[in-house]
Amino acid sequence: MAKLNKKVTTGLKVLISAVLIYFIFTKINVSEIKDILITSNPSYFILAAIFFILSKFIGAIRLNLYFHQLTIMLTHKSNFKLYLLGMFYNLFLPGGIGGDAYKGYILKKTFDVKTKRMVSVLVLDRLGGLLLLFIYACTLLAFIELEILNGYHWLFITAIPLSVIVFWLLNKKFFNYVLPIFWKTTALSALVQLAQLVSIWFILLALNIETNQVSYLIIFLISSIVAVVPLTLGGIGSREVTFFYGAQFLGLDQNVSVGVSVLFFLITALVSLFGVIYHFKTIKLELAQITTDSTE
């Protein structure tokens, strides 16, 4: 029954992603997007990829801090291998075991850790990222000049400290065993999302977009929040729809906006593809003075 439910869920995600992609491609000029991508500056594209990779390195360090709180003292090297494999599973093997599920499974199997706590730190790692996406979005929205937002900027400013307080209280009440690293993980989350914002900025430069850059960054932040909702495969489709309607709402070129989304997806896919190495190669989980092997 569980396998059947998983197949049904995966099938629905494939269907929703396909419908959303089809919908977007009926609304935009595909030829124009193709020309936009072909004429993009490859140097800026490379810089965008570098900052995206940097964001993943920092994200892996943040996750490893959570593991250390569970007394799973993985080295950053072995943890990053797991992290990269998880990225590959999330994007390319959605019908099988998910990236987070795999990491939780292999660590639970290898080390003496409670399942509830393992699941908790994986969820908190995601929530920490969402918190900073929300904070950065509120920050940009608080200072952008849009007629529709006139008189409401104070709401975004107020929401920033309020969201941090709520997340801290959540950690304190339900996950006090990770509270000692709250500010460290929050700071790392800030660096993760900042690196991705810089990545998007370089994509904008690659597409020769020099105006309305803040508006595109806001759309990216909102699309990243939407992409976390598990309705599509790795956010495919939902991110493009957000870029499309975000551009419409902010009066931007929708073809260019979707082009930004496509380039970001290509970078994500290229980096995630390197995780296939550890699908076929056993990952050695190295500790401070202990080395154990995980099996694929």
Kindly list, by first and then second residue, each pair from a residue in the stretch 122-150 that is in a loop (DSSP other than H, G, I, E, B) to a residue that is β-branched (V, I, T), limited to pairs with Cβ atoms under 6 Å and residues at least 6 apart or on different chains.
I144/V214
Among what's in the stretch 151-185 and is part of a helix (DSSP H, G or I) and of a type in the set (G, A, S), pick the residue that is nearest to L217 (Cα to Cα).
A159
Yes or no: T26 of a type in the set (S, T, Y), at pLDDT below 70 and over 24 Å from the mean Cα position of the chain (by Cα)?
yes
Among (1) closer than 30 Å to I267 by Cα; (2) touching a Cys at 6+ places or on another chain (Cβ under 8 Å), there is one condition L204 misses while meeting the rest; what is its number?
(2)
Within the stretch 134-148, residues being surrounded by 14 or more Cβ atoms within 10 Å (Cβ to Cβ) and farther than 17 Å from Q213 by Cβ number 3
For the stretch 111-133: of the residues being surrounded by fewer than 15 Cβ atoms within 10 Å (Cβ to Cβ) and not aliphatic (A, V, I, L, M), which is nearest to A159 (Cα to Cα)?
R126
Can we say Q254 is loosely packed, with under 15 Cβ neighbours inside 10 Å and over 15 Å from L132 (Cα atoms)?
no
Take the residues in the stretch 243-280 that are touching a residue at least 24 places away in the same chain (Cβ under 8 Å) and hydroxyl-bearing (S, T, Y), then tell me which one is nearest to E210 (Cα to Cα).
S257
Quick check on the stretch 189-212. Is at least one of its residues surrounded by fewer than 20 Cβ atoms within 10 Å (Cβ to Cβ), over 30 Å from G251 (Cβ atoms) and touching a residue at least 40 places away in the same chain (Cβ under 8 Å)?
yes
Report yes if some residue within the stretch 171-179 is of a type outside the set (F, W, Y), surrounded by 15 or more Cβ atoms within 10 Å (Cβ to Cβ) and either modelled with pLDDT under 90 or in contact with a Gly (Cβ under 9 Å, 6 or more places away or on another chain) (or both); otherwise report no.
no
Every residue in the stretch 47-64 that is over 19 Å from G275 (Cα atoms) and surrounded by fewer than 19 Cβ atoms within 10 Å (Cβ to Cβ), please.
L47
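The values are calculated or read from the model by the stated rules, or taken from the named source; none is laboratory data. Bear in mind that the values here come from a model prediction, so they are computed numbers and not experimental data. So basically every Cβ, Gly included, is an ideal-geometry build from the backbone, and we count neighbours across all protein chains shown.
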